[in-house]
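Asker: Here's a structure for you.
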Amino acid sequence: MNRRAVGYELVVFVTQWGLMLIGFGILTKFVAPLNLLNPSLSLGVYFDSATKALIALILSVTWLFIWDRQVRLYFHRRGK
Amino acid sequence: MASLGANTIAILIALGSFPVSLALTRFFMYWNAKHGIIGIDVHKPNRPKVPEMVGSAVPITLILFAAIYATLGGASSIPLLAYSLVVGLAALVGAFDDRLRMRGIFKPLLTLLCGLPLLILGIAFPGQIYSSMLHVPLFGQYHLPVIYPLTILVATSVTSNTVNMLDPLNGSMAGGMSIVAGGLLIGLLLVGAGSMPIFLYASLMFSLLGFLYYNRFPARAFAGNVGQLSIGASIGALAILGKTEIASVVAIFPNIQNSFFFLSRIRRFTEHRELTSKPTKLLPDGRLADSEDPRAPLTLVRTLLIGRPATENEIVSSIWILFLTSTSLAVITLLLTGV
């Protein structure tokens, strides 16, 4: 078994898990309570949901970007 | 104590799915081989022929036991019906792909539709399939009245396709998903969840173990898309029905990494068989090595081979260790969520 590779992967998973919890914390504590549009407006609920979904999407892409850089740092560098 | 009793009964009924899955796997091995439904194990020097689509034993067992549990009055039949429909539809998409070799883009599109039973029955029977309140570890919960229902369709498609993409070696998918199902089952028991998700996770784990008996190295049966997609859809449906959304994402970290690096390099939905640049190569001594092709995707198996070739058994053991870790993190996530 390639202990070093497995070890690197475990570090990646624990790091990404921690980042994911922080991301959900940001969504729960800061993004979800925002009142971006008055819900009484026509389609206000949908615009509000769409904006918050966009913020969640940006956070997810950032999370995957960090994951990508971390794996490339550990494995691509070693592969060259 | 009443809850403990219901959970014990649920697990005892689910235990029956092990021999049923084992017997069905044996039957499909014989039947498929006889009817020429065979694949080639390309990771062995002698390239043995192995019966394909044998993983259909798993969705059949899951649907059969969901029906048995509903008949015995273990839980409301609506969520069990939704679960069976999701698993059945995903198996159907997989079977079509196995027989007709569809282009890579069709699988994610068709599996989007597999989540429809959860959405439709969830709207028709409010509170029985999903609640749009997402429980987050450490930070409480928030209401997603519009986004949550739409996410259901994406969730089943993502889980089924990501499971489909990480079955390159003997026992890697069946063993990995057994660990995921077993870990989430333990997590649900620890947080005192209801007996229905406990039954479904137990049934999934025992069915997978029955199939794994013949799929482990050296494999005598291949799951095929029919098995992989339905097992992935089952994980997705259970995340919704069991309220284990975030924990399920954590548990399938190895699948997410594998799919993400595959898609980020290839930049399109395609089949492994259509790849011109392979991530791994077979050495004459039977070990697998990194192909060192810069155009090939950095799959999970490839990361485990960088700098050092390994036997198929060693790589599968490493993958299982990764699943054990991600599932342990998932159990901690469930405990932190407390639902």
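Asker: Being at pLDDT below 90 and open to solvent by 70 Å² or more (accessible area, probe 1.4 Å) narrows it down to one of A:PHE47, A:PHE75, so name that one.
Answerer: Just one listed residue meets the conditions, A:PHE47.
Asker: Would you confirm whether any residue within the range B:272-290 is modelled with pLDDT of 90 or more, closer than 22 Å to A:SER60 by Cβ and open to solvent by less than 20 Å² (accessible area, probe 1.4 Å)?
Answerer: No, that holds for no residue.
Asker: With (1) surrounded by 20 or more Cβ atoms within 10 Å (Cβ to Cβ); (2) outside any helix (DSSP H, G or I) as the list, and B:THR25 as the residue in question, which single condition is left unmet?
Answerer: Just one mismatch for B:THR25, condition (2).
Asker: Being more than 7 Å from chain B (Cβ to nearest Cβ) and surrounded by fewer than 17 Cβ atoms within 10 Å (Cβ to Cβ) is the filter here; which residues of the range A:1-13 pass it?
Answerer: Residues satisfying the conditions are A:ARG3, A:ARG4, A:GLY7, A:VAL11.
Asker: Going through B:ILE256, B:ILE240 one at a time, which residue ends up being open to solvent by 20 Å² or more (accessible area, probe 1.4 Å) and closer than 26 Å to A:SER60 by Cβ?
Answerer: Going through B:ILE256, B:ILE240 in turn, the sole match is B:ILE256.
Asker: What pairs come up if the first residue lies in the range A:24-38 and is more than 8 Å from every other protein chain (Cβ to nearest Cβ) and open to solvent by 60 Å² or more (accessible area, probe 1.4 Å), the second is small (Gly, Ala, Ser) and part of a helix (DSSP H, G or I), and their beta carbons are under 6 Å apart, counting only those six or more places apart or on different chains?
Answerer: A:LEU37/A:GLY44; A:ASN38/A:GLY44
Asker: Within the range B:163-211, can you find the residues that are open to solvent by 10 Å² or more (accessible area, probe 1.4 Å), in a loop (DSSP other than H, G, I, E, B) and touching a Ser or Thr at 6+ places or on another chain (Cβ under 9 Å)?
Answerer: B:PRO168, B:GLY192, B:ALA193, B:GLY194
Asker: So which residues in the range B:93-141 are open to solvent by less than 30 Å² (accessible area, probe 1.4 Å) and either within 14 Å of chain A (Cβ to nearest Cβ) or assigned to a strand (DSSP E or B) (or both)?
Answerer: Passing the criteria: B:SER132, B:LEU134, B:VAL136, B:PRO137.
The values are calculated or read from the model by the stated rules, or taken from the named source; none is laboratory data. Predicted, not measured: the structure shown is a model, and the values here were computed from it. Cβ: placed from backbone, ideal geometry, glycine included. Neighbour counts: every protein chain shown. The area values use the complete protein model at the heavy-atom level, side chains included, leaving out ligands, DNA and RNA. Shrake-Rupley method; radii C 1.70, N 1.55, O 1.52, S 1.80 Å.
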